[in-house]
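> Have a look at this one before I ask anything.
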Amino acid sequence: MSAVGAYPETEPQTVQTITTHYIDGAFVESHGREVMDSVNPSNRQIVARSLLGDVDDAKRAIAAAKRALVDFRQTTKEERATLLRRLHEVAAAHIDDLTAAMVTEYGGVRQFSRLIVDSGVESFRQVEKALEELPWVRRWGKTTVSFEPVGVAGLITAWNANALFMCSKLASAVAAGCTVVVKPSELSALQARVLVECLHEAGLPKGVFNVVTGRGETVGAELVRNPDVAKISFTGSGAVGQQIMRDGAATMKRVTLELGGKSPNILLDDAALDTAIPAALGIAFLNSGQACAAGTRLLVPKGKLDAVKRAIVNAMSAFPVGDPVDSKTAVGPMVNEKQYDRVQSYIRKGIAEGAEVLVGGEGHPRGLEGGHFVKPTVFVNVTNDMTIAREEIFGPVLSVIAYENEEDAIRIANDSTYGLHAFVSGADVERARRIASQILAGRVVINGMRDDQQAPWGGFKHSGVGREFGTFGIEAFRESRAILE
């Protein structure tokens, strides 16, 4: 297995060469010849060099999935459950390798990378559990409704949580009886390779699971336009999601799109600041801020603004930025220089539009100029019409927005084109639940950050279309057929 094998060290590492894709149950040489370097964002060292797939590679993978679908769609619930258990077993045996790959290639901090990998591996067990709960036939009178796999599915995943996205989408598709072609982000070539090598050990039928790493405009575009692909499940940017909807319409693609967020965290006036503020910062700086669920708008009562500012300054020492290998690090580097520049541009926009930098600001943290590190930044005196409050920055930047009363807080929270995630923090849980029920978001968490892989995951408005996880995720890969006698 071509695993990274250990957490990255400061000295130069061996550059791994990846020249194959996973098609029809085997590692086959890439037809595409474009070379892509995977660069450790902590030190700018090249850790892998990959050949990216092209349209021909994508077509080969789609053809393999189409052939496999003939038999795989006929498998029973029990047979699919067995495959999910096998996938879980092989993935669980390589958690350390998968975590190390995320730290090395993506720069994810060690603690969070382990959580992401654990969640991805656990998704196979959780989907197996959901599979048991779903009916596959319903009958009434002389009508029989069966639930059929939608067909070949294209799974297009983002770079910020590669193992989670690949595993969770694959698990749901397999449970539904679909065959798949996965297109991981080209920024996750090394992570994808480590994962595919361990999943290969599960011995799925040939063609059920295919992986071609490549660019969206080549491999991704072929998945979207190819008539033999019935379904696209995509996690990524809103602009790409809109393009998938437009281009997929020509072949009537079914789509599930998770497209990001600008999540509000409503801090109620009865919240204990000594616990609520560290929690809010943790939510804002989740995955170094490179998380669609990050709570990047903190809404606070006007009368508590000064106390909140003091609490933030006092709590920042618990969120050190630095080497992601260090278990004490809370904020790692941005994935690449482009993302670093993007975050810097938003910090400058915040200053230009009149927001006040409470902590952080422009530039690299002192002593970390050798990587794509940014200063965890908190803005105050932010209004909800500012760019930093409207657009997804995808970095460790928090906007603190003051509100007048509960109604004003709910209005501000919902005044967004996004609606993926939200948070409510307060001592009175019934009150917090009442407010949560008025927020237009796919998930709302009360007092902190937690997950439930049986709960639906997806967004309102520009945060996407459809839902993933649990029974909701399996249903996204099914179609119903009625037979009337």
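> Any idea how many residues of the stretch 397-420 are among the small types (G, A, S) and under 19 Å from G289 (Cβ atoms)?
2
> Of these, I435, I446, I410, I439, which one is touching a strand residue (DSSP E or B) at 6+ places or on another chain (Cβ under 7 Å) and more than 26 Å from S119 (Cβ to Cβ)?
Result of the check over I435, I446, I410, I439: I435.
> Another question about this same structure. Applying the selection to the stretch 403-421, what residues are of a type in the set (V, I, T) and closer than 24 Å to D306 by Cα?
I410, I412
> In addition: Residue check: is D118 of a type in the set (D, E, K, R), in the same structural domain as A58 (by TED's automatic domain parsing) and over 17 Å from D451 (Cβ atoms)?
Spelling it out, it is not the case that D118 is of a type in the set (D, E, K, R), in the same structural domain as A58 (by TED's automatic domain parsing) and over 17 Å from D451 (Cβ atoms).
> Report yes if some residue within the stretch 301-322 is closer than 27 Å to V465 by Cα, in contact with a strand residue (DSSP E or B) (Cβ under 9 Å, 6 or more places away or on another chain) and not small (G, A, S); otherwise report no.
no
> Related question: Quick check on the stretch 386-430: of everything there that is within 18 Å of the chain's Cα centre (by Cα) and among the acidic types (D, E), which residue is farthest from N336 (Cα to Cα)?
E391
> Could you list, in sequence order, the residues of the stretch 315-352 that are without any contact (Cβ under 8 Å) to a residue 24 or more places away in the chain and among the polar types (S, T, N, Q)?
S317, S345
> Output the residues belonging to the stretch 358-398 that are surrounded by fewer than 22 Cβ atoms within 10 Å (Cβ to Cβ) and among the small types (G, A, S).
G360, G361, G363, G367, G370
> Among helices (runs of 4 or more DSSP H) lying entirely in the stretch 139-256, which contain 3 or more residues that are under 19 Å from the mean Cα position of the chain (by Cα) and farther than 30 Å from I483 by Cβ?
162-176, 189-200, 238-248
> Looking only at the stretch 416-437, count how many residues are more than 13 Å from S263 (Cβ to Cβ) and either in contact (Cβ under 8 Å) with a residue 60 or more places away in the chain or surrounded by 15 or more Cβ atoms within 10 Å (Cβ to Cβ) (or both).
Residues flagged as more than 13 Å from S263 (Cβ to Cβ) and either in contact (Cβ under 8 Å) with a residue 60 or more places away in the chain or surrounded by 15 or more Cβ atoms within 10 Å (Cβ to Cβ) (or both) within the stretch 416-437 amount to 6.
> Can you name the residue in the stretch 142-170 that is of a type in the set (G, A, S) and crowded, with 24+ Cβ neighbours inside 10 Å and is also nearest to A91 (Cα to Cα) among such residues?
A163
> Out of N265, N314, N287, I need the residue that is modelled with pLDDT of 95 or more, on the phi > 0 side of the Ramachandran plot and not charged (D, E, K, R). Which one?
N287 is the lone residue from the list that is modelled with pLDDT of 95 or more, on the phi > 0 side of the Ramachandran plot and not charged (D, E, K, R).
> So, restricting to helices (runs of 4 or more DSSP H) that lie completely within the stretch 23-105, which ones have at least 3 residues that are among the basic types (K, R) and at pLDDT 95 or above?
Filter on the stretch 23-105 gives 55-72, 77-92.
> Moving on. Out of G295, G241, G260, report the one residue that is touching a His at 6+ places or on another chain (Cβ under 9 Å) and at pLDDT below 95.
So the residue among G295, G241, G260 that is touching a His at 6+ places or on another chain (Cβ under 9 Å) and at pLDDT below 95 is G260.
> Also, quick follow-up: Residues being over 21 Å from V240 (Cα atoms) and polar (S, T, N, Q): count how many of those fall in the stretch 170-208.
Summing the residues that are over 21 Å from V240 (Cα atoms) and polar (S, T, N, Q) in the stretch 170-208 gives 3.
> Out of the stretch 239-274, which residues are polar (S, T, N, Q) and surrounded by 15 or more Cβ atoms within 10 Å (Cβ to Cβ)?
Q243, T256, S263, N265 - these are the residues of the stretch 239-274 that are polar (S, T, N, Q) and surrounded by 15 or more Cβ atoms within 10 Å (Cβ to Cβ).
> Out of the residues in the stretch 30-72 that are of a type outside the set (A, V, I, L, M), over 30 Å from D326 (Cβ atoms) and out of contact with any Ser or Thr (no Cβ under 8 Å at 6 or more places or on another chain), state the one that is surrounded by the fewest Cβ atoms within 10 Å (Cβ to Cβ).
Among those that are of a type outside the set (A, V, I, L, M), over 30 Å from D326 (Cβ atoms) and out of contact with any Ser or Thr (no Cβ under 8 Å at 6 or more places or on another chain), it is R33.
> Identify, please: which residue in the stretch 113-141 is out of contact with any Leu (no Cβ under 6 Å at 6 or more places or on another chain), closer than 15 Å to V174 by Cα and free of Cβ contacts under 8 Å to residues at least 60 places away in the same chain and is, among those, surrounded by the most Cβ atoms within 10 Å (Cβ to Cβ)?
Top of the filtered list is V121.
> Here's another thing I want to ask about it. Within the set of pairs 6 or more residues apart or between chains, which connect a residue that is at positive phi inside the stretch 379-392 to a residue that is surrounded by fewer than 17 Cβ atoms within 10 Å (Cβ to Cβ) and part of a loop (DSSP other than H, G, I, E, B) with Cβ atoms less than 8 Å apart?
Short answer, once both residue conditions are applied: N381/G354.
> Moving on to the next point. Which numbered condition trips up A81, out of (1) more than 28 Å from L223 (Cα to Cα); (2) surrounded by 17 or more Cβ atoms within 10 Å (Cβ to Cβ)?
(1)
The values are calculated or read from the model by the stated rules, or taken from the named source; none is laboratory data. Predicted model, so just to flag it, every value in this text is computed and none were measured. Counting neighbours? That spans all protein chains shown, and the Cβs are built from the backbone with ideal geometry, glycine included.
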